[in-house]
Each structure stands twice: as structure tokens, then as C-alpha cells.
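Below: one structure, written as C-alpha cells.
Throughout, read-outs are computed from the coordinates displayed, never taken from laboratory work. Note that the coordinates shown come from a computational prediction; the quantities given were computed from them, not determined experimentally. Quick reminder, even Gly has a Cβ in these numbers, built from the backbone with ideal geometry, and neighbours come from all protein chains shown.
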């Protein structure tokens, strides 16, 4: 199954994102379950969140990935939502 992970940063926490970005990218690479990922942007082009598409067996596996994300461990996110997602195009 695919799971879309929507993460919204806490306001004023851009530096937390920048500081933890290398560890976050390493988590993406080493986990082997990320199909697509990228930052959500403000109208001014600043990073304000993340969208990650995971390929997993269960929602629990997706939750475990999200909990282990260095961004989450650093307290970056104001909210995190996981939703099963069906790929139709692309």
C-alpha cells in the first residue's frame, strides 16, 4: 500500500528544518520505503512542511517511519497526517 504523509512545520522553525535536513534525507535514503518526497512551500517559497509517499505493508509501518524521522524527533512538526493513497497517474 501507499501512504501519503503530510507534515506541517511549527511556525518559526525553519532553522530546525535546515539543521536536521541531512539526517532527514539520510532517513529517506536508508529506509528503502520512500517513493517520493519533497518540501511543502509557502507563497514566498520557504519550506513549511513535507509531503512523503511511502510504500509499506501496513499503516503501522508508515507511522513507525514517521516517528523515526529526524524532523519529527527534533520537534519540527505542528501536525502530521497519514492517509492511505492510491496512485492513479504518474
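Observations on the structure shown:
- In the set 13, 24, only one residue is more than 21 Å from residue 85 (Cα to Cα), out of contact with any helix residue (DSSP H, G or I) (no Cβ under 8 Å at 6 or more places or on another chain) and crowded, with 16+ Cβ neighbours inside 10 Å; that residue is 13.
- Verdict on residue 23 being in contact (Cβ under 8 Å) with a residue 40 or more places away in the chain, in a helix (DSSP H, G or I), on the phi < 0 side of the Ramachandran plot and touching a strand residue (DSSP E or B) at 6+ places or on another chain (Cβ under 6 Å): no
- The set of residues from region 65-79 being under 12 Å from the mean Cα position of the chain (by Cα), outside any strand (DSSP E or B) and surrounded by 14 or more Cβ atoms within 10 Å (Cβ to Cβ) comprises 65, 66, 69, 70, 71, 72, 76.
- Subset of region 80-90 (residues that are in contact (Cβ under 8 Å) with a residue 40 or more places away in the chain and over 11 Å from the mean Cα position of the chain (by Cα)): 83, 84, 85, 86, 87
- The set of residues in region 37-63 that are under 13 Å from residue 3 (Cα atoms) and surrounded by fewer than 14 Cβ atoms within 10 Å (Cβ to Cβ) comprises 51, 57, 58, 60.
- Some residue of region 35-45 being in contact (Cβ under 8 Å) with a residue 24 or more places away in the chain and touching a helix residue (DSSP H, G or I) at 6+ places or on another chain (Cβ under 9 Å): no
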